[in-house]
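Presented below is the structure to which this report refers.
The values are calculated or read from the model by the stated rules, or taken from the named source; none is laboratory data. Since we're looking at a predicted model, the values are computed, not measured. Cβ placement follows ideal geometry from the backbone for every residue including glycine, while neighbour counts extend to all protein chains displayed. For accessibility, only protein heavy atoms count, side chains too; no ligands or nucleic acids. Shrake-Rupley method; radii C 1.70, N 1.55, O 1.52, S 1.80 Å.
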Amino acid sequence: PGGGTPAGSVSVSLSGGGVCSASLSGGGGACVLTPTLAGPHTLMASYAGSANYLGSVSAGVAQTVNPAATTTTIAAVSPSTSVVGQSVMVTFTVAALAPGGGVPTGTVSVNAGAFSCSSSLSNGAGACPLTFTAAGPYTLTASYLGQANYSASASAGVAQTVNPAPTTVQITADAPDPSVVGQSVTVNFSVTVAAPGAGIP
């Protein structure tokens, strides 16, 4: 039997996380909340009440929150041209695409043919070292594996040239010395890789 127009405020909550509130105007209102977890959720509105009107709670309304789409980018490759055995640091970023938001977490894998590395994201960025054991032209691709709240994505390819590593050869021993004409002489030698290369030729 009551009447009039309630005043006060209403709070809206999402079961998966996210709350907003607004004051009533003419008995109605609206507020904007930001979901923090993907999945099927329920919206509930709670009127706090006032001196003249008792509080109340709405029936639940279904709200589906899908994972946000992402974009993965290789930000830097250092050095951009390397030699066999040299460590190459690959830096990458993962960001949510609008209308999604937040900072993606999870793991990114960097692949270049038979060579790969991976690292966890920190504040939407990360880096991992690649070491090539064979010379050649390669294409680096960073792949974000995704998680419950963010969809997987892959970067565009980035070219990487790996040149043969420089080497040093030296004679380590020769015996006998001196020798005579027609005598067998055993010559020992070694080949090592010069920095920044690595490995065993």
### Query
VAL61 versus SER122, label points 7 Å from Cα toward the beta carbon: distance in nm?
4.3 nm
### Summary
In a Gaussian network model of the chain with springs linking alpha carbons closer than 10 Å, the residue among PRO79, PRO178, PRO40 that fluctuates most is PRO178
### Query
GNM, the chain, Cα, under 10 Å: largest mean-square fluctuation among THR34, THR64, THR168?
THR168
### Summary
HN-Hα couplings for region 87-104 via Karplus (6.51, -1.76, 1.60; θ = phi - 60°), in whole Hz with x for Gly/Pro, come out as 6, 10, 8, 10, 9, 9, 9, 10, 10, 7, 8, 4, x, x, x, x, 10, x
### Summary
Heavy-atom accessible area with a 1.4 angstrom probe orders ILE200, ILE74, ILE171, most exposed first, as ILE200, ILE171, ILE74
### Summary
With R₀ set to 25 angstrom, the calculated FRET efficiency between the beta-carbons of ASN188 and SER87, to the nearest 0.05, is 0.20
### Task
Starting at the first residue of region 150-166, write each ³J(HN,Hα) from the Karplus equation 6.51 cos²θ - 1.76 cosθ + 1.60 with θ = phi - 60°, in whole Hz, x for Gly and Pro.
9, 7, 5, 7, 9, 7, 5, x, 10, 6, 9, 9, 10, 8, x, 6, x
### Message
Can you tell me the length gained on complete extension of the stretch ALA114 to LEU54, counting 0.36 nm per residue apart and subtracting the Cα distance?
### Response
14.8 nm
### Query
Volume per residue, Å³, of the convex hull around the alpha-carbon atoms of the chain?
145 Å³
